[in-house]
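J.: This is the structure I have questions about; it appears just below.
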Amino acid sequence: MAEFPSKVSTRTSSPAQGVGVSVSALRPDLGFLRSSFGVLMLLQLVLGLLVWALIADTPYHLYPAYGWVMFVAVVLWLVTIVFFILYLFQLHMKLYMVPWPLALMVFNITATVLYITAFITCSAEVDVKFLKGTRSYNQRAAASFFACLVMIAYGVSAFFSFQAWRGTGSNAATSQMAGGYA
């Protein structure tokens with residue numbers, strides 16, 4: 001028994017090796033930008049920006065309904081930016097403990113439902129209160145149109161997210177290796 005410790009060789013390693021994210025390791029994944037998720041996220045960012053920028057340029061604070069539309073547009077725009085950066089720089093692969101397909105699906109379904117309410121609210125507020133052809137009327141009508149387009153984009157993303165979460169057309173190994181997007 002006295003010989004036991006001398007026969008055992010041990011090797012120690014630091015559990016923090018490879019866990020940190022360095023600036024040089026953050027390279028954009030151009031494949032994501034060419035994927036359906038990347039294109040849809042870019043579309044959501046551009047159209048969402050148009051929605052809240054058009055409303056923000058009007059005296060929306062006088063109409064409480066536009067406060068809801070601004071809240072939905074700005075919050076979802078910011079969360080979409082976060083998801084876009086996570087996927088563009090493949091940070092979702094480093095945070096493997098989060099079920100990203102499920103998180104993205106829940107976000108897209110929630111965003112679709114919230115944009116349905118924002119679109120209906122925005123469209124209902126564009127009425128005879130504003131004279132047709134005035135700047136404020138045109139901006140709010142355009143914001144309603146773009147809110148409808150963003151709602152459709154989030155709906156399509158929700159469908160693709162559901163397919164990715166369910167694993168349609170691939171197995172867990174290929175969807176994980178492909179970065180989790182189609």
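The values are calculated or read from the model by the stated rules, or taken from the named source; none is laboratory data. Computed from a predicted structure; not experimentally measured. Using ideal geometry, Cβ is built from the backbone for each residue, glycine included, and neighbour counts are taken over all protein chains shown. Please note that ligands, DNA and RNA were not included when accessible areas were found on the heavy atoms of the full protein model with its side chains. Shrake-Rupley method; radii C 1.70, N 1.55, O 1.52, S 1.80 Å.
J.: I85 to H61: extension gain in nm, 0.36 nm per residue of separation minus the Cα-Cα distance?
T.: 5.5 nm is the gain from fully extending I85 to H61.
J.: So, R0 is 35 Å and r is the distance between the beta-carbons of M93 and T117; what FRET efficiency does that work out to, to 0.05?
T.: The pair M93/T117 has a calculated efficiency of 0.55.
J.: Can I ask one more? Can you give the FRET efficiency for L26 and V46, using 1/(1 + (r/R0)^6), R0 = 30 Å, r = Cβ-Cβ distance, to the nearest 0.05?
T.: 0.80
J.: Go through segment 142-151 residue by residue and turn each phi into a ³J(HN,Hα) via Karplus (6.51, -1.76, 1.60, θ = phi - 60°); whole Hz please, and just put x for glycine and proline.
T.: Taking θ as phi minus 60°, the curve returns 5, 4, 5, 4, 5, 5, 5, 5, 5, 4 Hz for segment 142-151.
J.: Would you work out what percent of the accessible area of segment 48-116, with all protein chains in place, is carbon or sulfur (probe 1.4 Å)?
T.: Working: 2810 of 3430 Å².
Carbon plus sulfur share of accessible area: 82 percent.
J.: With a 1.4 Å probe and all protein chains kept in place, how do V51, V39 rank by accessible area, largest first? Write down the numbers at each step before the final one.
T.: Details: V51 0, V39 80 Å².
The ranking, largest first, comes out as V39, V51.
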